Amino acid sequence: MIKKIISENPIFDIWQMILHYSYPNNIIKYYKQNKREYEIDIIDIVVNSLLQANEFFQVSNEVSLNILPMVLYYGATNLFNGLLTLISGKELPIKTHGLKLIMTENEKKGIGPLKIQILNPNNGALSNFLNKIDPNTQNIDGQVFSFAELLGSIPSLKYDFENCYEELKPNCIPVEKVKINDSDIERISFNELTRFENKNIEIFRNIKNFEDNYLEPQITNNYFVLRKKIKSKEIGIFDEFGKKYFQLGINKSKRIIHLPQPILFLICLYSLSNLARYYPKFWNPFINNDSTGERQIIEKFLHISKRYLPNLLLNVLNNKILIFIRSFEEEIIIKRNDEEKELKELIRKEINKILKIK
Amino acid sequence: MSLRDSTYKLCNYLRRSIYSVELKNVIDKLNKSNNENINSGHFGYVARHHTLQFLSYLYVNQNYLKMNQLMAPFNLTPLNEKEINIFEKGHNLLLKINKIFKDELFKILPNAASILEVYQKVNVLINSNDIIDLPISYIDEITQQFLTHSSFNVIRNSIDQLPKIKEIPKEQLIMGVDLLLKEINQGDFFEVPETIRKMNHMLPIGHLAENINRVIRALACLKISTQVFNQLIYQAAKNEKLSVLDNSNIFRIVKHINFYLGEVVKLEVQPNRKCNSFELPLSCCYLNIEVRDDYKIKDLFWIANNSFSFGHEIGNVGKYWLRKIDTELNYLIDFNKR
């Protein structure tokens, strides 16, 4: 479900909604309203985590790229921990980060090829967070992802990603919404799929739950035309402006892995903070002398993390897609509900014309 | 067991018969276009649009010269004897069963019986008496079920109340039923036509004219059941799977109402292998849709109308206006009991 919220200052409003739960009374109310049980000890965990998260995010506006990834990662882990503990009602059994950056000589050439491995399914923060966000998620213990695979799955970075990594395919596809008469359709322009060798409906098999929610895509000259099934759920992902995308799963030898958006952000933030903290020989030249242009997409990613990661976690808490916009976009609707009447009128005019001529 | 069940039984028998293989081959040949012969496929195209079941092909065959003149550049070539015989066998089966229906009606209301001769206005010379070979038990079962049609009771009761109904001239009854069905089928399907509405308001219950109207409504339902029966048998005989409109092709339920003239649904679909875009109206289909977890529609429906638009920017789209068919094969559900 999508809910649009008009906001003059989305960051402020998002944090207002999050910090609502930094008050113990509101936490208790949350469980009462949702008729859920909770462990009393979690109140301090939630309050402390959310307040710390907020401070880290606030500080992130004041720091340079030298430490920005670390500040955001700490903010993010606190935010994940606070909100997901709130949802679960009990303390999460977290002892480690639950992931590891793999640095070899080859991977020091850039951030895109860096590898990150998921570890500690029971006590790792990442696996715990993933299970709380998507309880039906696939087991990804031991799975290795490249930084670029994850970055390419973030919708706001689609075009920056294509510019930066000329050889790689992005894992998200923008969706256009069109309203015709009283029905909505969605379509995907072939221009958005220039990196895909085959522009056929196979692409859609990589989208989680696509077949359950959409009719078979139709191919026209320039678009894939998509229609939702009668009993469909929203399976799209959205950027911070509310633009819809489909997220393609990450293809791993024998399976396709779908990671939720907040988890993608968290893994990327972990990787960058690890680089900044433990690999100064890599990080310092990268932020000061990068000639490849990769620094630009990393900066944009960090910037979007500040604005959008709290929003994504708020979505998890509310079980809704909350889109904070400054004003309602005027929707263009092509309405032709008088089709039949118009047709009859046309026929009448034509008949009259013929009769007059005769 | 109902008329619909017994009809399904016959349909299943026909689908497995050698006759259905022969008929399907002929129809496929007549509808198939190929590059070698630019006229191929025309015969089937023209015949399909006549929606007279088997008789469509015989009618086009009898009139192919006239049609070639009228419909240039179509160049229809006549059927050969074997092909004619195949269509005649099917048509004769429908005539035989329709005659049984008619005879049953004749016993109650002789002056109305010809209403069930649904092909009487089509003048086609039938050369043989050959008929699809099938066990008589299928026909007996259908006859038994047809006799339980609720319209018969309505007619009997009305005659009891007003014996003069038996004296109404045949032509007037035929005209009454035809006009009623024309009114019902030419509107937008979701409204009770003005004339029917006025008629209902004007006539007090028990009034003489009300009794006549009730009989006309009952006769209309009997005629519809006969037409639906014929169409189901035809679709089965040519081994055609009924179109299925379901969650794999429906993207919008535009309107769905249950009212004086039965249950009507308007849908928007994206044609797929279950419902092809060459589907013509006045045929039967299944609607099997899960609207919500707790609300499903699963039944036989009559395609009252449909239209398709192709190949532009928004893809292929079909619109269907459907009427639910009840166990008496009637799509004006309970109209005879109003």
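The values are calculated or read from the model by the stated rules, or taken from the named source; none is laboratory data. Every value quoted in this text rests on a predicted model; they were computed, and no experiment measured them. Note: ideal-geometry Cβ built from the backbone for every residue, glycine included; neighbour counts use all protein chains shown. Side chains included, ligands, DNA and RNA excluded: accessible areas come from the protein's heavy atoms. Shrake-Rupley method; radii C 1.70, N 1.55, O 1.52, S 1.80 Å.
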- Note on the structure: In whole Hz, the Karplus estimates of ³J(HN,Hα) for segment A:45-53 (6.51, -1.76, 1.60; θ = phi - 60°; x where Gly or Pro) are 4, 5, 4, 5, 5, 5, 5, 5, 4
- Message: Using helices alone, I'd like the mean residue ellipticity at 222 nm for the protein assembly as shown: each DSSP H run of four-plus residues gives -39500 (n - 2.57), total over residue count, nearest 500.
- Response: -14500 deg cm²/dmol
- Task: Straight distance only, please: which lysines reach the Cα of A:LYS254 with their own Cα at less than 23 Å, same-chain residues fewer than 8 apart left out?
- Result: A:LYS100, A:LYS115, A:LYS169, A:LYS199, A:LYS208
- Query: Most mobile of B:ASN213, B:ASN239, B:ASN276 per a Gaussian network model of chain B (Cα springs, under 10 Å)?
  - Reply: B:ASN276
- Query: Among B:ASP130, B:ASP293, B:ASP178, which one shows the biggest mean-square fluctuation in a GNM of chain B, springs joining Cα atoms closer than 10 Å?
  - Reply: B:ASP293
- Query: What pairs from B:LYS107/B:LYS223; A:LYS132/A:LYS228; B:LYS24/B:LYS319; A:LYS132/A:LYS229 go past 20 Å between their alpha carbons?
  - Reply: A:LYS132/A:LYS228; B:LYS24/B:LYS319; A:LYS132/A:LYS229
- Item | Size of the A/B contact, given as accessible area buried on both chains, probe 1.4 Å, in Å² | 1600 Å²
- In terms of the alpha carbon gyration tensor, root eigenvalues a ≥ b ≥ c, rounded if a/c is under 1.5 and otherwise prolate when a/b exceeds b/c or oblate, segment A:233-273 is oblate
- Note on the structure: Computed ³J(HN,Hα) along segment B:324-338: with the Karplus parameters 6.51/-1.76/1.60, θ = phi - 60°, integer Hz and x for glycine or proline, the list is 5, 9, 8, 6, 8, 6, 10, 9, 9, 4, 6, 4, 6, 9, 6
- Task: Read phi for every residue in segment B:224-231 and hand back ³J(HN,Hα) as whole Hz from Karplus 6.51 cos²θ - 1.76 cosθ + 1.60, θ = phi - 60°, with x for Gly and Pro.
- Result: 4, 4, 5, 5, 5, 4, 4, 5
- Message: In whole percent, and with a 1.4 Å probe on the protein chains, what portion of the accessible area of the protein assembly as shown is carbon and sulfur?
- Response: 50 percent
- Of all the Cα-Cα pairs you can form in the protein assembly as shown, what percent are over 36 Å apart? 58 percent
- Task: Answer rounded, prolate or oblate for segment A:27-142, using the Cα gyration tensor with square roots of eigenvalues a ≥ b ≥ c: rounded when a/c is under 1.5, else prolate when a/b is larger than b/c, else oblate.
- Result: oblate
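How big is D for segment A:1-94, in µm² s⁻¹ as a whole number, if Stokes-Einstein is applied with the Kirkwood radius of its Cα pairs at 25 °C and 0.890 mPa s? Before the final figure, lay out the partial values.
Numbers: Rh = 14.3 Å.
For the chosen part, D equals 172 µm²/s.
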- Task: Taking the dipole about the Cα centre of the protein assembly as shown, with the C-beta of Lys and Arg at +1 and of Asp and Glu at -1, give me whichever of B:ALA72, A:PRO10, B:ILE216 is farthest to the positive side.
- Result: B:ILE216
- At least 40 Å² accessible surface lost relative to isolated chain, residues of segment B:289-318 (1.4 Å probe): B:GLU313, B:ILE314
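Give me the accessible area per residue for the protein assembly as shown, probe 1.4 Å, as a whole number in Å².
Per-residue accessible area for the protein assembly as shown comes out at 51 Å².
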- Message: How would chain B be classified by its alpha-carbon gyration tensor: rounded, prolate or oblate, with rounded meaning a/c under 1.5 and the a/b versus b/c comparison settling the rest?
- Response: oblate
